[in-house]
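Working notes, structure below.
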């Protein structure tokens, strides 16, 4: 936990009217308002500098971090502070810079403000994509927008407010409350940029949906009362003491379109139930076709219940992984009180649910319940006739004080667009940072990090109670996640991928010998065996070896390797651009640091195979055939060897391919590309990592690049032998020993031309080049042979020309 600095408490003790706290988690900053003053600090810094803003006289009610509209501020201003006071709402520019591993912010005056006398604004929402700002207060149920622009216009200042719910002529009419009912007001507003929708939650638990049109207008399209919402879920779950129209809805969270097409909004009740709603454009359940179409109806379609167990019993001591699984749906009439009362809740993609509850008012401390989807269990193939259950794991945390705010510290990264769904955390666990959530209390900031499956497995091994208990937990792991996933996870741990949070809140690798050794043991002993599909063998149309289903070990290796390469596999290697002067610029499409990380992980995997080859069935060599008892087992083992050997070859080839790319971009790649013909140049610019690593097209393009690299060094007068040897050593697949001899012969031929054919030095160099070319004559390509012969003729070395041509033809004849 990062504690609140003492200077904040010093300022807090001087408060006279009001105080509030909040988070700018994406900037690693927290804020506190004390009367009319705003203070910010980097909560990750051991000695943070307090940044204060005290240049306005009114008490501050609310502060919101927002993204500005493009073109309004200077590029250095990446964020805005929207600050509401008792008198006005004003904007402040915010610039953020990274300095020494920490983020520093600078606040700028913008001169933009609007008066709001009598509105008591305490709810603000913003759109990250458009920069639009909306706000509401506790005095009415209206929704306002704060408009701002770079320059003043006719009859319009730089900043103004627009009421999107009450017509201008009725805003001045007197309001009478004849029944003396409490005034309904907005309690929460959220923006869904993926669908151009604004949702509001009122004090009466009514939800409104506004469509944010491209022309800047805002249309109220749906109003859903609490009675309607609870009526919709009557067929899903029976009404009970903790789920009925009298139970208040305390929070709403949008569900972005990339994450789910059917569900648009999640509403959390004061008893911890989660109600999923769809805002659709027709009477069908299909989602709105696109963000430009306004929805016309909203229906509650699904309910997730709170955990049925009490917090003290939620996490069994013998749980195989941190957290306890629980099912979140059920028709039971029994009331569930585990999350009652819920004061607030928040949902973050891809389904992290944070629920704050207070069980004992006398302790002045909140308890946090966290549930997350278990993507590993959801990915296991199931019987199509069996409905998919929303598998989740939950955990309870005691915060020790009151929660003030929550925010995304490190958001979940999907890793780019994908057609195979959303929220596959297992796929991105090795190439994307784990999601982290910041929770601010009145004593400090807690960082809650999502544990990857590989970290859970490493922790399971480290915290085991003896060999027998550990064996049982591994079997449980296999039962939950499947054998292939378990093998992939054990392989990752054995290769040093496991991580933990150290006592000083830093991430560190788990390299304990006992942990690595047990993970190695699981990989070797629990990998299963290949099997033959007997039905496919009977007709004889397919060779028996092609009907073998590889072992889960093979699947686990393929799974782990694919996750290491996932982020670059379909990506082009180079991207073309222009320099400020208008010249051609070729830069790597993937950062060099990313390539080095992938290469390091693949090298660790290769070293693991080299060290344990004799223990791995399918890689141990011919000796393993002596242990088979039947012909079927022999065929299965041969197929397993073929599959594993191909994977190992791919890993080695990929390591060398990355080295080749690094060598290519170490030099001026523009000069190298200029030496290629137009067809080869276009092929290189369209070449993906997949094509380079796994296709003949990529291999041939790489060969042409190697030749261009060497020719460029020959033209520069560099030592070609050194360059070629470096290429051969780092990426021998692309630059063989024969290539090195050819390159050296080319260099000698160039030096002979420079020395002159009639000089003794020139003649010696010509003869040396001929001897080198003769060594590789049978594999000498025509595009090397022809220019060499032409240079021999140019240097009047006719004997060498005839000898080389004859020697090459003779070599071809003898080899064929």
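Just a few scattered comments:
- Considering (1) out of contact with any helix residue (DSSP H, G or I) (no Cβ under 6 Å at 6 or more places or on another chain); (2) at pLDDT 80 or above; (3) over 20 Å from residue 660 (Cβ atoms), the lone condition that residue 729 does not fulfil carries the number (3).
- A count restricted to the stretch 627-636 and to residues that are in contact (Cβ under 8 Å) with a residue 40 or more places away in the chain and surrounded by fewer than 19 Cβ atoms within 10 Å (Cβ to Cβ) stands at 1.
- Single condition residue 432 does not satisfy, out of (1) touching a helix residue (DSSP H, G or I) at 6+ places or on another chain (Cβ under 7 Å); (2) at pLDDT 90 or above; (3) farther than 30 Å from residue 19 by Cβ: (1)
- Subset of the stretch 675-685 that is loosely packed, with under 13 Cβ neighbours inside 10 Å and either touching a residue at least 40 places away in the same chain (Cβ under 8 Å) or part of a helix (DSSP H, G or I) (or both) - its residue that is nearest to the chain's Cα centre (by Cα): 682
- Meets criteria (crowded, with 16+ Cβ neighbours inside 10 Å, touching a helix residue (DSSP H, G or I) at 6+ places or on another chain (Cβ under 6 Å) and farther than 30 Å from residue 534 by Cα) for residue 550: no
- Taken together, the residues in the stretch 741-757 that are modelled with pLDDT under 80 and over 18 Å from residue 718 (Cβ atoms) amount to 1.
- The listed residue being in contact with a helix residue (DSSP H, G or I) (Cβ under 8 Å, 6 or more places away or on another chain) and either surrounded by 18 or more Cβ atoms within 10 Å (Cβ to Cβ) or modelled with pLDDT under 85 (or both), out of 423, 394: 423
- Meets criteria (touching a residue at least 60 places away in the same chain (Cβ under 8 Å) and assigned by TED's automatic domain parsing to the domain that holds residue 663) for residue 712: no
- Residue that is farthest from residue 696 (Cα to Cα), among those in the stretch 719-734 that are crowded, with 20+ Cβ neighbours inside 10 Å and free of Cβ contacts under 8 Å to residues at least 60 places away in the same chain: 720
- Those residues of the stretch 358-377 which are in a loop (DSSP other than H, G, I, E, B), out of contact with any helix residue (DSSP H, G or I) (no Cβ under 9 Å at 6 or more places or on another chain) and more than 13 Å from residue 441 (Cβ to Cβ), in sequence order: 360
- Of residues in the stretch 469-514 being modelled with pLDDT of 90 or more and either part of a loop (DSSP other than H, G, I, E, B) or assigned by TED's automatic domain parsing to the domain that holds residue 43 (or both), the one farthest from residue 427 (Cα to Cα): 512
- Some residue of the stretch 252-275 being in a loop (DSSP other than H, G, I, E, B), over 36 Å from the mean Cα position of the chain (by Cα) and surrounded by fewer than 17 Cβ atoms within 10 Å (Cβ to Cβ): no
- If the condition is being in a loop (DSSP other than H, G, I, E, B), crowded, with 21+ Cβ neighbours inside 10 Å and under 31 Å from the mean Cα position of the chain (by Cα), then the stretch 117-154 contributes only 132.
- Residue that is surrounded by 17 or more Cβ atoms within 10 Å (Cβ to Cβ), touching a helix residue (DSSP H, G or I) at 6+ places or on another chain (Cβ under 9 Å), modelled with pLDDT of 90 or more and within 21 Å of residue 544 (Cβ to Cβ), where the choices are 624, 639: 639
- Condition met for residue 389 (at pLDDT below 95, within 15 Å of the chain's Cα centre (by Cα) and in a loop (DSSP other than H, G, I, E, B)): no
The values are calculated or read from the model by the stated rules, or taken from the named source; none is laboratory data. Bear in mind the structure is a predicted one, so any value in this text is a computation, not a measurement. As a convention, Cβ positions derive from the backbone with ideal geometry for all residues, glycine included, and neighbour counts pool all protein chains shown.
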